[in-house]
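Here, each number is a calculation from the coordinates, and none is a lab measurement. No experiment lies behind these values; they were computed from the predicted model shown. Every residue, glycine among them, receives a Cβ derived from its backbone with ideal geometry; neighbour counts consider all protein chains shown.
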Amino acid sequence: MKFFKQASALLLGILLISGLTACSGQADKSATAVVQADTAKIFAATFPDLEGQSQPLKQWQGKILVLNFWAPWCPPCRAEIPDFIALQEKYRAQGVVFVGLALDQKDKVQAFSDEIGINYPILLGESDAAELGKLAGNRLGGLPFTAIFAQNGDIVSTVTGELKREQLEATLKGLI
């Protein structure tokens, strides 16, 4: 019985630390390498936008895609979005597209999007988006999570935690 209590306490501690690390706001520097993922499954996914229209991810194939998994209640998510807005404007003409995949209810996502003036597509995913994130390399399910796709559809970088503008811009410049 004592063994099971100790094992349970250890497992709970590991899960707690993993959860805190995943939404700590610190980008996981080790996760910025090319990810081997089944991108065909990722681009086959379809999610509704804020108007309720189905949006297939395949419409952004052939572009440099910054796919950001986020939620309005997540402080590091909220912190990085102003940089995404600025970089979407700056690099739109070079074929860069930001897409936000929100893991929350439509009304909360819409309110935050309107408040901050998001200028790129926002899709609503909830649990399906979390599963898609795992396919893209987000094994722990942390937020925010960003996957950057090259024009050929390969994932060239993933970051769990707040993605700093300098790091993102360096990656984008390497792809343009």
Discussion item. For a quick check: sort D104, D114 by the number of other beta carbons within 10 angstrom, fewest at the front.
Written reply: D114, D104
Fill in: Contour excess over end-to-end distance, with Cα ends at N119 and D38 and 0.36 nm allotted per residue
26.3 nm
Worksheet entry | Qualifying aspartates and glutamates (Cα of each under 19 Å from Cα of K134; at least 8 residues distant if same chain) | D28, D38, D104, E126, D154, E162
Discussion item. I'd like the distance between the alpha-carbon centres of region 97-176 and region 66-89, rounded to an integer number of Å.
Written reply: 7
Response to the item:
Per the Cα gyration tensor, region 103-176 corresponds to an equivalent ellipsoid with semi-axes, largest first in Å, of 22, 17, 12
Item to complete: Would you order T158, T146 from fewest to most other beta-carbon atoms within 10 Å of each residue's own beta-carbon?
Response: T158, T146
